[in-house]
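Peer 1: Okay, here's the structure, questions in a sec.
The values are calculated or read from the model by the stated rules, or taken from the named source; none is laboratory data. These numbers were taken from a predicted model, which means no experiment stands behind them. Quick reminder, even Gly has a Cβ in these numbers, built from the backbone with ideal geometry, and neighbours come from all protein chains shown.
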């Protein structure tokens, strides 16, 4: 199964909020599989459907990011951040849709997330580890927010200038 093309900044598609998924059918299962292949082939820890051109509320992520032997694809459909607390710095955060840029991002230290899995079963999880950051990052995508929206305006503007310059060169 092949991978999908990742939509990259400054594509305006990334800024639109996704729509809730009503029906988990065979096409959705195929999309989930392709999203997993895409995420792993791009060495990502998570991926939102909006990043591959689908405006549905789906995220995939690795349950054991960085551990090739334990690698396990997790899926959350229609995820919602129910609660968050504390604060921590996500150092050197990056994004498959914002290539060649990393920055420190202030995130919640712990999150409570609800959604459904790929079979439609309810999921409720509390995380206070690296996956808490991944979940926040991917749920942001579903709301049309990029991690660069959470950094200082100066760093964001420097990145935008670099992107515009590279686009002019092409």
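Peer 1: If you take the residues in the range 116-145 that are touching a helix residue (DSSP H, G or I) at 6+ places or on another chain (Cβ under 9 Å) and part of a strand (DSSP E or B), which one is nearest to residue 27 (Cα to Cα)?
Peer 2: Result: 125.
Peer 1: Out of the residues in the range 7-41 meeting the condition of being part of a loop (DSSP other than H, G, I, E, B) and in contact with a strand residue (DSSP E or B) (Cβ under 8 Å, 6 or more places away or on another chain), tell me which one is farthest from residue 59 (Cα to Cα).
Peer 2: Within the range 7-41, the subset part of a loop (DSSP other than H, G, I, E, B) is 7-11, 16-18, 20-25.
Narrowing further to those that are in contact with a strand residue (DSSP E or B) (Cβ under 8 Å, 6 or more places away or on another chain): 8-9, 18, 20-21, 24.
Working: 8: 17, 9: 18, 18: 11, 20: 12, 21: 11, 24: 13 Å.
Applying the filter and picking the extreme gives 9.
Peer 1: Could you please let me know if residue 5 is modelled with pLDDT of 95 or more, farther than 24 Å from residue 120 by Cα and either surrounded by fewer than 14 Cβ atoms within 10 Å (Cβ to Cβ) or touching a helix residue (DSSP H, G or I) at 6+ places or on another chain (Cβ under 6 Å) (or both)?
Peer 2: yes
Peer 1: Among the numbered criteria (1) within 26 Å of residue 71 (Cα to Cα); (2) without any contact (Cβ under 8 Å) to a residue 60 or more places away in the chain, which one does residue 151 miss?
Peer 2: (1)
Peer 1: Can you tell me how many residues in the range 132-147 are surrounded by fewer than 21 Cβ atoms within 10 Å (Cβ to Cβ) and touching a strand residue (DSSP E or B) at 6+ places or on another chain (Cβ under 8 Å)?
Peer 2: Qualifying residue count, the range 132-147: 1.
Peer 1: Which ones in the range 93-121 are farther than 20 Å from residue 35 by Cβ, at pLDDT 95 or above and exposed (fewer than 12 other Cβ atoms within 10 Å of the Cβ)?
Peer 2: 106
Peer 1: Next question. Would you be able to tell me the number of residues in the range 66-101 that are out of contact with any helix residue (DSSP H, G or I) (no Cβ under 9 Å at 6 or more places or on another chain), without any contact (Cβ under 8 Å) to a residue 24 or more places away in the chain and part of a strand (DSSP E or B)?
Peer 2: So the answer is 3.
Peer 1: If you check residue 66 against the conditions, is it modelled with pLDDT under 95, surrounded by fewer than 12 Cβ atoms within 10 Å (Cβ to Cβ) and within 26 Å of residue 112 (Cβ to Cβ)?
Peer 2: yes
Peer 1: Continuing with the same structure: Can you report the number of residues in the range 8-60 which are under 16 Å from residue 78 (Cα atoms), surrounded by fewer than 17 Cβ atoms within 10 Å (Cβ to Cβ) and in contact (Cβ under 8 Å) with a residue 12 or more places away in the chain?
Peer 2: Residues of the range 8-60 that are under 16 Å from residue 78 (Cα atoms), as a first pass: 16-25, 28-29, 31-32, 35, 46-51, 54-60.
Narrowing further to those that are surrounded by fewer than 17 Cβ atoms within 10 Å (Cβ to Cβ): 16-17, 19-20, 22-23, 25, 29, 55.
After this cut, where a residue has to be in contact (Cβ under 8 Å) with a residue 12 or more places away in the chain as well, the list is 16-17, 19-20, 29, 55.
Within the range 8-60, residues that are under 16 Å from residue 78 (Cα atoms), surrounded by fewer than 17 Cβ atoms within 10 Å (Cβ to Cβ) and in contact (Cβ under 8 Å) with a residue 12 or more places away in the chain number 6.
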